[in-house]
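Student: Handing you a structure now.
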Amino acid sequence: MELTAPIRKVKGVGEKTEGLLQNMGVYTIGDILLHFPRDYVKYPRAVEIDQLYDGARAAVVVRIEKAAVMRRTRAMTITVLKAEYTETKFEAIWFRLPYIASSLKKGKTVILYGKVTDKNGTFHMEQPALFSPEDYQAVEETMQPVYALTRGITNKFLMKTIRNALDSCDSFFDYLPTDVRQKYDLAEYNYALDQIHFPDSMDTLTWARRRLVFDEFFLFLMTMQLQKNGEERQENPHHFGDPAELDTYIGQLPYALTAAQRRTLDEILKDMQGEVLMQRLIQGDVGSGKTIVAFLAMLYASDSGYQSAIMAPTEVLAKQHEQSFLELCERFGIEKTIVLLTGSMTARQKREARAQIAAHPDALIVGTHALIQEAVEYENLALVITDEQHRFGVRQRETFAEKGQTPHILVMSATPIPRTLAIILYGDMAISVMDEVPATRLPIKNCVVGEAYRQKANAFLEKEIAAGHQVYIICPLVEASENFDANNVTDYTEQLKASLSPGVRIACLHGKMKAAEKNQVMEDFKDHKTDILVSTTVIEVGVNVPNATVMMIENADRFGLAQLHQLRGRVGRGSAQSYCIMMNASDSDRAKERLDILNRSNDGFFIASEDLKLRGPGDFFGIRQSGDMSFLIADIYTDAKVLQHASDEVKRILTEDPGLQMEKHENLRMKMKEIFEKGDVTLSL
């Protein structure tokens, strides 16, 4: 079967499971093969209950003398199994998995795998994986993949489906030239796909991953370079006036711009007045004040008679931009047309917004991806500012060109990337770095603690809430996973409600919620209708809530340092002292060393460079970074050396064979055509 064949063609996938897999973004055989494991479990030899110890990740033999008991609360079903061996007591607990009780009948012997905690002399396991002795024997001492799941899809089903998909496919052609594979000792593509899902050993897994990482970087950079080669830098058709008026506005701000803000603004103004259209990246650390720089650039465009647009990643953030822009215009004593356009607006509201855009050639336009939809007609658009998650490529620039627009492009990124890597990743853009935080902001106080500090941490949260402040709590998972031992938003929220005072208002937020629901939860938090927001990392690009003073991150050892720094940046935005509490669930010295970097510094660029020093090619479990470069498996920090190699090869190949016409590049030419056809972009190869 072809990679483009629908997932329904795979043995064992029916109509219902097809729908569930589509909820995970899996529509084709190719999609499921690129649904890489999020972790791997090496199952140890199973032991008796009396051989367990606190903190171990163990497999334990449980002979069931009393059937499991189910307790139902208003929010969830809890299943509890109790056992004993040579006077050593054991208890296993499952949340929201009611069906599991049917496998825990009196007289059966089962093997449970999970993390052990000693609670007053009784060993506990929460959410352990359940095996029959025969099934466990088959996986004992082997590396088994653990996947991101959705409700209704089990890890076991996903493993079986991926195995069937691999077996049903013919060999995939390897687009990478043989000389490149040999030069860097890269595995063949078929072998890499097989071993990334079902590794024979840690060595074969590492080898497979390195090949797939190289692929991601190589194809990304090759695509970017071919786009760039197919585009000539366009002449700047816009004529901007004297920016002196901006100094008047800046003088009316309630704070002084930092030197980095001023330098970045000057670079933008110079580009806008230059001979060719601007393509610039603003790389600003968390809290460095990118938004005011963006607004001043938009104001300059408006004063020169042009429209500008800023595209935010969320509707809540777009509305917040609109509100802050209105307040700034009022402070400056100027009248400007500010138009908001988002996907959730009614048809009438959208018509009115589009009419305003058409009627005001100097409007400041704020919105989400709705800004580049077909129905929007711009009048005189000269500047587009986009968040890193909406990085503009050729297709988006063509969209504006088809509307008769050729705007300057400004991309804002809060991901601190060392400059050497940024030059590779953003080779088609000029780079401005904002590495200062406004002096008015108090440094965030950090601490890294273990589970033993849970009660103290909860008491601290209540103290901050009593003082009128708000709290973010981040969990790595949306819901409980049968194979992944980490806190999840849904269960955690209920447990938190039970452990804190009844008056504390708690809400939860995650990426599987509908857009309108997510927006409402964020609006309620922004308006202080809730005290604690329990969330996944969807709040990284969330709204500005100056009243939030505490960021508590569960399983902090599971996150990349750049991501933790981004999350921490959600607090510290008001005048009150803010705090970041990182709960470390790992016993490893490596995890403590990494988290200590965050404990010691609030400087994102320092953190990124230190993280780069600490990381090695084997560090790929639970430490994925986030931000603009959201690759499926590659990580710009861990894989910096591979990124450099991929960059070198792209340059070498395109210098040797710009049109990829050589016989040895035939498969690569076919691959690039396929990529560009998917992106609806024409490529002459």
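Student: Looking at segment 340-440, what helices (runs of 4 or more DSSP H) fall wholly within it and have at least 3 residues that are modelled with pLDDT of 75 or more and surrounded by 14 or more Cβ atoms within 10 Å (Cβ to Cβ)?
Tutor: Here the list reads 347-359, 419-425.
Student: Something else about it: Among the candidates G12, G25, single out the residue that is in contact with a helix residue (DSSP H, G or I) (Cβ under 8 Å, 6 or more places away or on another chain) and free of Cβ contacts under 8 Å to residues at least 24 places away in the same chain.
Tutor: Within the list G12, G25, the selection yields G25.
Student: Output the number of the condition that K336 fails; it satisfies all remaining conditions of (1) part of a loop (DSSP other than H, G, I, E, B); (2) closer than 23 Å to V376 by Cβ; (3) out of contact with any Ser or Thr (no Cβ under 9 Å at 6 or more places or on another chain).
Tutor: Unmet for K336, out of (1) part of a loop (DSSP other than H, G, I, E, B); (2) closer than 23 Å to V376 by Cβ; (3) out of contact with any Ser or Thr (no Cβ under 9 Å at 6 or more places or on another chain): (3).
Student: Another one. May I ask you to list pairs of residues, at least six apart or on different chains, whose Cβ atoms are under 8 Å apart, with the first in segment 530-557 being under 20 Å from A467 (Cβ atoms) and the second being basic (K, R) and modelled with pLDDT of 95 or more?
Tutor: T530/R505; D531/R505; I532/R505
Student: Out of Q234, Q252, I need the residue that is over 30 Å from I675 (Cβ atoms) and polar (S, T, N, Q). Which one?
Tutor: Details: Q234 fails: over 30 Å from I675 (Cβ atoms).
After applying the criteria, what remains is Q252.
Student: Counting only residues that are open to solvent by 40 Å² or more (accessible area, probe 1.4 Å) and without any contact (Cβ under 8 Å) to a residue 40 or more places away in the chain, which one in segment 214-242 is nearest to S302 (Cα to Cα)?
Tutor: For segment 214-242, the residue satisfying everything is D242.
Student: I'm trying to understand the selection: among the residues of segment 58-73, which are of a type outside the set (G, A, S) and within 15 Å of L97 (Cα to Cα)? Step through it out loud before you land on a result.
Tutor: Of the residues in segment 58-73, the ones of a type outside the set (G, A, S) are 60-66, 69-73.
Answer for segment 58-73, where residues must be of a type outside the set (G, A, S) and within 15 Å of L97 (Cα to Cα): V69, M70, R71, R72, T73.
Student: Can you run down the residue pairs with Cβ atoms below 8 Å, 6 or more apart or on separate chains, where the first is in segment 79-97 and over 15 Å from K108 (Cβ atoms) and the partner is open to solvent by less than 20 Å² (accessible area, probe 1.4 Å) and acidic (D, E)?
Tutor: F95/D491; R96/D491
Student: Determine if segment 271-283 includes at least one residue that is more than 28 Å from the chain's Cα centre (by Cα), at pLDDT 95 or above, among the aliphatic types (A, V, I, L, M) and open to solvent by less than 10 Å² (accessible area, probe 1.4 Å).
Tutor: Within segment 271-283, one or more residues are more than 28 Å from the chain's Cα centre (by Cα), at pLDDT 95 or above, among the aliphatic types (A, V, I, L, M) and open to solvent by less than 10 Å² (accessible area, probe 1.4 Å).
Student: Search segment 30-43 for residues that are closer than 12 Å to L158 by Cα and pair each with any residue that is assigned to a strand (DSSP E or B) and of a type outside the set (S, T, Y) when their beta-carbon atoms are under 7 Å apart and the residues are at least 6 apart or on different chains.
Tutor: Once the first residue is closer than 12 Å to L158 by Cα and sits in segment 30-43, its partners that are assigned to a strand (DSSP E or B) and of a type outside the set (S, T, Y) give P37/P145; P37/V146.
Student: Here's a follow-up. For segment 443-465, indicate whether the set of residues that are open to solvent by 80 Å² or more (accessible area, probe 1.4 Å), assigned to a loop (DSSP other than H, G, I, E, B) and closer than 30 Å to Q225 by Cβ is non-empty.
Tutor: Looking for residues that are open to solvent by 80 Å² or more (accessible area, probe 1.4 Å), assigned to a loop (DSSP other than H, G, I, E, B) and closer than 30 Å to Q225 by Cβ, one finds none in segment 443-465, hence no.
Student: What number of residues within segment 146-174 are of a type outside the set (V, I, T), open to solvent by 30 Å² or more (accessible area, probe 1.4 Å) and within 19 Å of Y43 (Cβ to Cβ)?
Tutor: 6
Student: Please name all residue pairs, on different chains or six or more residues apart, with Cβ atoms under 6 Å, provided the first residue is in segment 293-322 and is in contact (Cβ under 8 Å) with a residue 24 or more places away in the chain and within 15 Å of H238 (Cα to Cα) and the second residue is part of a helix (DSSP H, G or I) and open to solvent by 10 Å² or more (accessible area, probe 1.4 Å).
Tutor: These pairs meet every condition: D303/E245.
Student: Give me the helices (runs of 4 or more DSSP H) completely within segment 604-685, filtered to those with at least 2 residues that are among the acidic types (D, E), open to solvent by 30 Å² or more (accessible area, probe 1.4 Å) and at pLDDT 60 or above, ordered by residue number. Break it down stepwise before answering.
Tutor: Values: elements: 604-614, 640-656, 666-678.
Fully inside segment 604-685 and qualifying: 640-656, 666-678.
Student: Residue pairs, Cβ under 6 Å, 6 or more apart or interchain, first in segment 661-675 and closer than 17 Å to E188 by Cα, second aromatic (F, W, Y) and open to solvent by 80 Å² or more (accessible area, probe 1.4 Å). List them.
Tutor: N667/F173
Student: Return yes when V571 is β-branched (V, I, T) and open to solvent by 20 Å² or more (accessible area, probe 1.4 Å) and no when it is not.
Tutor: no
Student: For segment 250-272, does any single residue satisfy the condition of being touching a residue at least 40 places away in the same chain (Cβ under 8 Å) and closer than 30 Å to G659 by Cα?
Tutor: No: segment 250-272 contains no residue that is touching a residue at least 40 places away in the same chain (Cβ under 8 Å) and closer than 30 Å to G659 by Cα.
Student: If you take the residues of segment 284-308 that are in a loop (DSSP other than H, G, I, E, B) and of a type in the set (G, A, S), which of them is surrounded by the most Cβ atoms within 10 Å (Cβ to Cβ)?
Tutor: First, the residues of segment 284-308 that are in a loop (DSSP other than H, G, I, E, B): 285-289, 304-306.
Going one step further and asking which of them are of a type in the set (G, A, S), we end up with 287-289, 304-305.
Values: G287: 22, S288: 25, G289: 20, S304: 20, G305: 14.
Among residues in segment 284-308 that are in a loop (DSSP other than H, G, I, E, B) and of a type in the set (G, A, S), the one surrounded by the most Cβ atoms within 10 Å (Cβ to Cβ) is S288.
Student: Something else now. Looking only at segment 501-519, how many residues end up being in contact (Cβ under 8 Å) with a residue 60 or more places away in the chain and open to solvent by less than 40 Å² (accessible area, probe 1.4 Å)?
Tutor: Looking only at that region, the number is 1.
Student: Here is a further query. Could you list all residues from segment 243-269 that are open to solvent by 30 Å² or more (accessible area, probe 1.4 Å) and closer than 23 Å to L425 by Cα?
Tutor: Of everything in segment 243-269, those that are open to solvent by 30 Å² or more (accessible area, probe 1.4 Å) and closer than 23 Å to L425 by Cα turn out to be R263, E267.
Student: Same structure, new question: Does segment 1-42 hold any residues that are among the aromatic types (F, W, Y) and either open to solvent by 40 Å² or more (accessible area, probe 1.4 Å) or outside any loop (DSSP other than H, G, I, E, B) (or both), and which are they? Working first, answer last.
Tutor: Of the residues in segment 1-42, the ones among the aromatic types (F, W, Y) are 27, 36, 40.
Result: Y27, Y40.
Student: Would a scan of segment 520-533 turn up a residue that is closer than 26 Å to A148 by Cβ, more than 18 Å from the chain's Cα centre (by Cα) and surrounded by fewer than 19 Cβ atoms within 10 Å (Cβ to Cβ)?
Tutor: The answer is yes, given that some residue of segment 520-533 is closer than 26 Å to A148 by Cβ, more than 18 Å from the chain's Cα centre (by Cα) and surrounded by fewer than 19 Cβ atoms within 10 Å (Cβ to Cβ).
Student: Moving to a separate point now. So how many residues does segment 161-203 have that are part of a loop (DSSP other than H, G, I, E, B) and more than 18 Å from P37 (Cα to Cα)?
Tutor: Of the residues in that region, 14 qualify.
Student: Determine if segment 43-56 includes at least one residue that is more than 23 Å from Q137 (Cα to Cα), open to solvent by less than 70 Å² (accessible area, probe 1.4 Å), in contact with a strand residue (DSSP E or B) (Cβ under 9 Å, 6 or more places away or on another chain) and not in a strand (DSSP E or B). Spell out how you get there, then give the answer.
Tutor: To start, the set of residues in segment 43-56 that are more than 23 Å from Q137 (Cα to Cα) comprises 54-55.
If we keep only those that are open to solvent by less than 70 Å² (accessible area, probe 1.4 Å) too, we end up with 55.
Filter again for in contact with a strand residue (DSSP E or B) (Cβ under 9 Å, 6 or more places away or on another chain), leaving 55.
Keeping just the survivors that are not in a strand (DSSP E or B) gives 55.
Yes, that holds for at least one residue.
Student: Could you check Q323 against (1) open to solvent by 60 Å² or more (accessible area, probe 1.4 Å); (2) farther than 25 Å from Y255 by Cα and say which number it fails?
Tutor: (2)
The values are calculated or read from the model by the stated rules, or taken from the named source; none is laboratory data. Owing to the predicted nature of the structure, the values given are computational and were not obtained by experimental measurement. For neighbour counting, all protein chains shown are included, and Cβ atoms are generated from backbone atoms with ideal geometry for every residue, glycine included. These accessible areas exclude ligands, DNA and RNA; they are computed on the full protein's heavy atoms, side chains included. Shrake-Rupley method; radii C 1.70, N 1.55, O 1.52, S 1.80 Å.
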